[in-house]
Each structure stands twice: as structure tokens, then as C-alpha cells.
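Here's the structure we're looking at; comments come further down.
Nothing in this text is a laboratory measurement; each read-out follows from the coordinates by a stated rule. Keep in mind it's a predicted model, so treat the numbers as computed, not measured. A quick note on method: Cβ atoms are made from the backbone with ideal geometry, for glycine too, and the neighbour counts reach across all protein chains shown.
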Ligand code: SF4
């Protein structure tokens with residue numbers, strides 16, 4: 001094998017794996033393929049997704065981190081999320097804010113959203129994420145105005161996570177200054193999608209492809225542990241995201257929520273979620289990959305473990321307290337606070353982006 005100067009960490013890690021006596025031949029072959037830039041097969045992803053604590057799993061995580069290092073460096077990106085409305089016209093079986101859920105509803109006023117966005121930008125966050133249920137109350141014009149004002153005041157990238165909108169609207173939001181859009185496919189198994197999600201599978205997939213075509217930093221993603229889902233389905237999700245060209249992926253475990261059709265269904269596996277992070281990093285080396293709040297909801301320590309499996313993004317919540325308790329996509333949703341998060345990251349020796357570091361005052365770091 002020859003030294004690969006463009007991917008020095010991946011090269012070193014692969015060498016280590018190849019020399020290791022306790023790593024399997026399958027894992028050795030996979031690491032060689034990753035180093036050579038050869039795409040992994042569905043069967044190889046299934047193998048990796050199913051790994052339990054073992055030398056192969058440790059090798060997978062180290063390899064994913066080496067690929068992250070060589071392609072996007074060591075910086076952890078801290079993004080700020082504003083959940084501005086918990087109204088939703090859909091009724092997904094796993095979601096605590098679906099239309100039929102009996103919960104207290106709120107909508108933030110447009111000027112309130114802009115004010116919170118300006119405040120969150122002062123913390124130096126790398127992107128402002130505007131998230132809501134699918135809420136037609138916010139018309140195209142209202143959203144365009146919000147995006148423009150946030151861009152004018154903060155110059156921060158604006159990311160939308162507001163569900164399905166028409167291709168024309170997606171284009172107009174892009175022109176207004178939104179540069180990122182998260183529309184998780186949830187699962188590419190259309191049978192499972194149809195049984196748990198409140199929208200049309202083909203429309204959703206076509207919108208995700210439209211986002212890529214419009215030049216957004218488009219985000220896909222899936223839920224780990226949906227009823228009937230197999231490791232093969234999760235492998236298909238990863239291959240789908242790779243093949244259509246998404247640049248972000250939100251992947252989190254299923255978490256049961258009271259008073260929803262899936263309230264008694266067990267949580268998704270944290271191990272498979274972490275394996276899915278590592279596999280996604282191998283499949284799409286430059287991807288923005290958050291270690292998700294859903295994983296942290298299973299156990300706060302697990303969210304930071306995501307950084308050992310190839311993740312490079314974390315989201316902190318800037319939704320005003322009075323709204324936050326009722327933005328309940330799933331139960332016991334973890335509050336990810338800005339200072340708590342950055343202090344934990346710094347304690348763990350993580351490198352944060354310059355703008356975040358600049359916003360921190362000495363006393364806030366002790
Ligand atoms: S998952 Fe999204 S689209 Fe489905 S009900 Fe919840 S907020 Fe609405």
C-alpha cells in the first residue's frame with residue numbers, strides 16, 4: 001500500500017487496522033476500500049451497522065474519525081436552533097406535535113423570531129436553524145421576510161427545517177438568503193414511511209432531490225428503530241443520501257412519545273445510531289453530521305460519544321423557555337444549552353469554531 005498524502009490520518013488508521021491481529025478480514029477489506037475511495041456495498045454497511053462492542057467496532061469508529069479529520073478537520077460546529085411553532089398539519093405516528101396531539105400550541109411572532117435569532121448570533125453560533133412543524137400560518141412572504149431580516153442583521157447562514165414546501169417556495173427561500181434546508185427522508189423504505197409518516201413518500205423524496213438541485217446545503221436523515229426497520233433499510237438510507245448528494249444528515253434513534261400511536265414501541269438502539277454515524281461519515285466524507293439531541297435524550301453522555309464516531313456538529317437550543325417545554329417532538333427531550341454544551345466540548349478538548357470562541361468571556365469558561 002502506498003502513502004496517501006491527501007488522507008494521512010485515514011492512511012495511518014488503515015495501516016493500524018491491517019496490522020491488527022484482532023480485527024477481522026472483513027473490516028480490513030473495508031478500511032482499504034475507504035482509503036482508496038471505493039464505495040462500500042450495502043452488505044458492508046449492514047455488517048458495520050450491526051457491530052457490537054468489539055475490535056471491529058473500535059476500528060470502525062477510529063476510521064470514521066480519521067476520515068472526518070482528513071476531510072473536514074477537527075472543528076466542532078455549534079448550530080443554534082429556534083423552534084418557532086409547534087403547529088403541524090401532519091400527523092406522524094412517532095411525533096408528539098402532530099395535528100391530533102392534544103398539546104398546548106404556540107407560534108412565535110415574526111419579529112420575535114428575528115430578535116431571538118439576533119441574540120443567538122451574538123453567541124457566535126455557526127448557523128441559525130429555524131425549525132417548526134408544517135405550519136402554513138407562516139406564508140411564503142412571511143418566511144422570506146424573516147430570512148432576509150435575519151441575514152441582514154446577523155450575516156449568519158440560515159438553515160430551514162420547516163417540512164415540505166413547494167419547489168417554487170424552496171427556490172424563493174434560497175433567493176432570500178437561506179442556504180441550508182433539512183428535510184429528513186426518515187426512511188427510504190417506502191412501506192415503513194407510509195405507515196408512520198403523514199405525507200407522500202414520492203413527494204418527499206422529490207423535494208429532497210429538488211433541494212440538492214437548487215444548490216442548498218441539503219440535509220437528509222433517518223430515524224433509527226422504526227417498526228419493521230432492518231439494518232438493510234438503514235444501509236439503504238445511507239446509500240440514498242450518498243447517491244443524491246446531501247451535505248448534512250440528521251440521524252437519531254426513535255424515542256416513544258406518550259399519546260402517540262407508537263407510545264409503547266421501544267426506543268431505537270443507541271449502538272446502531274452510533275454505528276450509523278460512523279457509516280455515514282465513511283459514505284460521505286465531507287458531510288455535516290450532528291450528534292443529535294435524540295441520542296442525548298437516551299443518555300446525555302451518548303451525545304458526546306457521537307464525536308468519537310465521526311460527527312462534527314452539535315445543535316444548541318435558543319427557543320425561549322416559555323415555548324420550549326411544549327415543543328415536544330418526543331418525550332423527555334433534552335435541553336441542550338449553549339454554555340453547558342461549549343464547556344463540555346472544551347473540557348473534552350474539542351476545537352470550536354472561531355466565532356463561538358470569540359463570543360465566550362473568560363468567566364463563562366471557568
Ligand atoms: S414529524 Fe414533522 S411533519 Fe411529522 S407530525 Fe411531527 S412536526 Fe409534523
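Miscellaneous remarks
- Based on C-alpha pairs under 8 angstrom that are at least 6 apart in sequence, region 8-71 has a relative contact order of 49 percent.
- Over the residues of the chain, the helix contribution to mean residue ellipticity at 222 nm works out to -14000 deg cm²/dmol, using -39500 (n - 2.57) for each DSSP H run of at least 4.
- Inter-site label distance for residue 357 and residue 119 at 7 Å from Cα along Cβ, in nm: 2.8 nm
- Ranked 213, 174, criterion: other C-beta atoms within 10 Å, fewest first: 213, 174
- As a proxy for reagent exposure, ranking 260, 154 by other Cβ atoms within 10 Å from fewest up yields 154, 260.
- When the convex hull of its Cα atoms is viewed from all sides, region 75-359 shows a mean projected area of 13.0 nm².
- When you restrict to C-alpha pairs under 8 Å that are six or more residues apart and normalise by the size of the chain, the relative contact order lands at 22 percent.
- Projecting label points 7 angstrom from Cα along Cα→Cβ for residue 26 and residue 142 puts them 5.1 nm apart.
- Cut-off 12 Å (backbone N to label point 7 Å along Cα→Cβ of residue 213), residues of region 162-197: 167-168, 171
- Counted by neighbouring Cβ atoms within 10 Å, the residues 9, 15 run from fewest to most as 15, 9.
- With the convex hull drawn around the C-alpha atoms of region 22-131, the volume per residue stands at 185 Å³.
- Computed over every Cα-Cα pair of region 8-71 and binned at 5 Å starting from 0, the pair-distance distribution P(r) comes out as 4, 20, 32, 28, 15, 2 percent.
- Whole-Å distance, taken between Cα centres, linking region 45-122 and region 201-265: 12 Å
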